Amino acid sequence: MLATKIDPAKLKAAMKRKGLTPRTLAERMGLNPSTIRYYLSGKRGKRPSYATLLALANALGLESVEEILASSLSSDFTNVGNKEESDALASRG
């Protein structure tokens, strides 16, 4: 399952690698800079559409949208190899 929440730290790092500010990234995408700042804030609620995620990845020169997404808990559990790992993951949440 593809998580649609942007990881602010990953987004910020990708922007830094490209030398982009929220304003310049927003201009490349035709968005309001406040939208990019919102994604950078990590606030819950607004999640971008898949089209927006693709546009972000393209503007940042990424190979995949997953490079800026928060990891999903469900993917953590699908990669569990034994009971000890499963118990450790379960105790996190």
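Each value in this text was obtained by applying a stated rule to the coordinates, not by laboratory testing. What you are looking at is a predicted structure, and each value in this text was computed from that prediction instead of being measured. No Cβ is skipped: glycine too gets one built from the backbone with ideal geometry, and neighbour counts run over all protein chains shown.
Would you calculate the separation in nanometres between label points at A51 and A70, each defined as 7 Å from the Cα along the Cα-to-beta-carbon direction?
2.5 nm
Working out 0.36 nm times the residue gap between M29 and N58, then minus their Cα-Cα distance, what length gain in nm do you get to one decimal?
Stretched out fully, the M29 to N58 stretch lengthens by 9.5 nm.
Check I6: other-chain or 5+ apart residues with amide H under 5 Å from its amide H, H built from backbone geometry?
Under 5 Å from the amide H of I6 lie the amide H atoms of A70, each far enough along the sequence or on another chain.
I'd like the Karplus ³J(HN,Hα) series for segment 26-32: coefficients 6.51, -1.76, 1.60, θ = phi - 60°, whole numbers in Hz, and an x wherever there's a Gly or Pro.
Each residue of segment 26-32 in turn: 4, 4, 4, 9, x, 10, 6 Hz.
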